[in-house]
Amino acid sequence: MASMARDLLAQESVDATLERITSSATELVDGCDAAGILVLRAGRVETLAPTDQLVVDSDRLQERLGEGPCFDAARHSEGERVFRIANLAGEQPSWPAYGPRAHALGVGSMMGFLLFTDDEDLGALNLYSRKAGAFTEASELAGWLLASHAAVAFSSARTQAQLEQAVATRHTIGEAMGILMGSHHLSEEQAFDVLRRYSQENNVKLREVARLICEQGGLS
């Protein structure tokens with residue numbers, strides 16, 4: 001687990017970090033046949049780094065039904081941050097529609113862990129087994145430890161990606177301003193104002209306007 005934690009922080013991108021998280025779940029958590037991360041964006045379910053089609057099918061089912069343990073874990077951060085379901089074939093009072101349909105997909109048992117830091121909720125790490133009763137208390141502890149490390153790594157990778165994008169955007173905007181200044185004899189303030197006005201009038205993000213200028217050598 002310690003080696004995995006170091007490995008997570010060494011990944012070079014958000015996607016690589018997420019893929020290492022879910023693959024680690026299948027390697028380190030007893031009973032885990034498949035894993036994925038469910039996030040909600042504008043009310044829509046998105047499945048990240050699934051290790052098996054079963055994960056995608058389960059997430060789509062929960063989105064369609066508007067219920068399910070993974071869906072609830074990602075949506076209600078104030079609720080349970082860990083869940084373990086021993087048998088999807090049994091009655092599931094909290095998810096009466098999801099339970100039997102998930103079992104029909106091939107889900108025997110499930111665990112889920114809210115991925116969170118002190119500053120934000122990131123989604124839910126969900127673990128699946130095709131067998132009923134596959135997850136034990138030891139499995140839950142291993143999953144919780146993995147999720148704790150995963151949340152920090154996920155948040156760190158996303159922050160790094162955002163910083164890199166911000167630096168790249170700033171560079172592109174600066175290059176675009178230089179092109180406008182040279183071709184139209186504008187000051188820095190005037191060149192930026194051209195970018196800003198075009199962005200507002202055409203409802204195009206500023207970085208996209210800058211990218212167009214860099215590619216085309218100006219604005220048409």
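Side notes on the structure shown:
- In order along the stretch 175-190, the phi-based Karplus estimate (6.51 cos²θ - 1.76 cosθ + 1.60, θ = phi - 60°) of 3J(HN,Hα) comes to 5, 5, 4, x, 5, 5, 4, x, 7, 10, 6, 9, 7, 4, 4, 5 Hz; Gly and Pro are listed as x.
- Taking a ≥ b ≥ c as the square roots of the eigenvalues of the alpha carbon gyration tensor, the stretch 162-216 is oblate, as a/c is not under 1.5 and a/b does not beat b/c.
- ASP52 long-range amide H proximity, modeled H, under 5 Å: ALA35
- The phi torsions of the stretch 48-59, fed into the Karplus equation with coefficients 6.51, -1.76 and 1.60 and a -60° offset, translate into couplings of 10, 6, x, 8, 7, 4, 4, 5, 4, 4, 5, 5 Hz, rounded to whole numbers, with Gly and Pro shown as x.
- Radius 11 Å from Cβ of ALA34, net charge of other residues (Lys, Arg +1; Asp, Glu -1): -2
- Each residue, ASP193 and ARG130, gets one label point 7 Å from its Cα in the Cβ direction; the gap between the two is 6.7 nm.
- Förster radius 35 Å - calculated FRET efficiency between GLU91 and GLU175 (Cβ-Cβ, nearest 0.05): 0.05
Read the figures in this text as sums done on the coordinates, not as results from a lab. This structure is a prediction, so every number in the text was calculated from the model and none was measured. For neighbour counting, all protein chains shown are included, and Cβ atoms are generated from backbone atoms with ideal geometry for every residue, glycine included.
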